[in-house]
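Contents: one structure, followed by commentary.
Read-outs throughout are calculated quantities, based only on the coordinates presented, and are distinct from any laboratory measurement. None of the values given here were measured: they were computed from a predicted structure. Quick reminder, even Gly has a Cβ in these numbers, built from the backbone with ideal geometry, and neighbours come from all protein chains shown.
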Amino acid sequence: MPAFKTPFIPMSEITPRTVFLDRRRFMAGAGALGLAAIGSPVLAALDAKKSSYTVADTLTPRKDATTYNNFYEFGTGKGDPAAYSGDFKPLPWKIRIDGLVAKPMEFDVEELIAGMPLEERVYRFRCVEAWSMVLPWTGFMLSDLLRKVEPLGSAKFVAFRSAARPEEMPGVNYPILEWPYREGLRLDEAMHPLAIMAVGIYGDRLPNQNGAPIRLVVPWKYGFKSIKSIETITFTDSQPETSWNMAAANEYGFYSNVNPERDHPRWSQASERVLGTGGGFFGGVERRDTEKFNGYGAEVASLYAGMDLIENY
Ligand SMILES: Nc1nc2c(c(=O)[nH]1)N[C@H]1C(S)=C(S)[C@@H](COP(=O)(O)O)O[C@H]1N2
Ligand SMILES: [Mo]
């Protein structure tokens, strides 16, 4: 593994200097990409039923989806997660669900994968940085997992935490974000059928850089809500703290529903760059208009009836 070095660059810091650093570091990391790609254990391809939750958009090439990543536990450069996640051990893996539930449980992820009805869904995915992709995810509905622990009536939110392993995840040795990375959903959002726990992309198990062995995918929200490599899920009665909100509350709200009508304080959210269409660090030169709720409004807008989505960004 090449020597790891991360400068202090928040996700929001899209400046010419960042671009310069990133390009240089991306090139430096490129030699390690092949190694990192075969660093994950060899596992059987996932056997999943095709879901009707699918969009017809052109799929993002696998190569782009696995080499252009945000996963700050492995560094802040887009190429860092692919270059520096080779030592990460996604197996064996336990995921614990606790808090305001009748039956706190711990699951072995392999047993979970064997026991859950797996589906493949093609979702649009929109990063708050204004690039987007379209991926075939394999997974199961988050609601099917959450029901197993029998949530109490007092539970109103669900809090998620990623692994934070200084030995395996070089980025967590730097105070870039509050570690472990944490995210949260309101309970009704978490129970929505579009919210899934993903264990694969393109029919194969998740590469480390995409959040192995298990991650959240919430396609109507900005990408940072879709927390990777989850170790714990906790039911709470108050809104949980989330890492990006703790870092810059005026820029990254708790809801973070994709919304072209509410610009980021420092850039427009009206359109997005399509990942895989060139453009290096910027993740695409082709643009498309950003859709409210990332195009999933027909399914999810009712969750926010009566809410001011500019105020509750
Ligand atoms: N634990 C953790 N989860 C994370 C992140 C992260 O840095 N750490 N980055 C988020 C952001 S900003 C995005 S856009 C997506 C990227 O997912 P991908 O690499 O599979 O495209 O992961 C999200 N989940
Ligand atoms: Mo993101």
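Observations on the model:
- With contacts taken as Cα pairs under 8 Å at a separation of at least 6 residues, region 77-198 carries a relative contact order of 26 percent.
- Mean Cα-pair separation over length for the chain, i.e. relative contact order, pairs under 8 Å, 6 or more apart, %: 20
- The sum of -39500 (n - 2.57) across all DSSP H runs of n ≥ 4, divided by the residue count of the chain, sets its helix-only mean residue ellipticity at 222 nm to -4500 deg cm²/dmol.
- Unsatisfied cross-links (Cα-Cα over 20 Å) in the set K89/K225; K50/K78; K89/K148; K78/K228; K89/K228: K89/K225; K50/K78; K89/K148
- Whole-angstrom gap from region 238-275 to region 142-199, using each part's C-alpha centre: 18
- Region 11-302: equivalent-ellipsoid semi-axes (sqrt of 5 x gyration tensor eigenvalues, Cα, Å): 27, 22, 20
- About its Cα centre, the dipole of the chain is roughly 600 debye, where the only charges are +1 on Lys and Arg Cβ and -1 on Asp and Glu Cβ.
- Region 217-236 and region 58-83 have Cα centres lying 17 Å from one another.
- Relative contact order of region 220-313, defined on C-alpha pairs under 8 angstrom at six or more residues apart (%): 29
- All Cα pairs of region 124-163, percent lying beyond 13 Å: 73
- Long-range Cα-Cα pairs in region 99-167 (distance over 19 Å), rounded percent: 56
- Each principal axis of the Cα atoms in region 47-199 has its own extent, and those three values, largest first, are 42, 40, 29 angstrom.
- Working ranking of peptides 195-207, 49-61 by packing, defined as the average number of other Cβ atoms within 10 Å per residue, highest first, is 195-207, 49-61.
- 5 angstrom amide H check on G184, placed H, neighbours 5+ away: F160
- Cβ-Cβ distance of V285 and S143, R₀ of 30 Å, FRET efficiency by 1/(1 + (r/R0)^6): the value works out to about 0.20.
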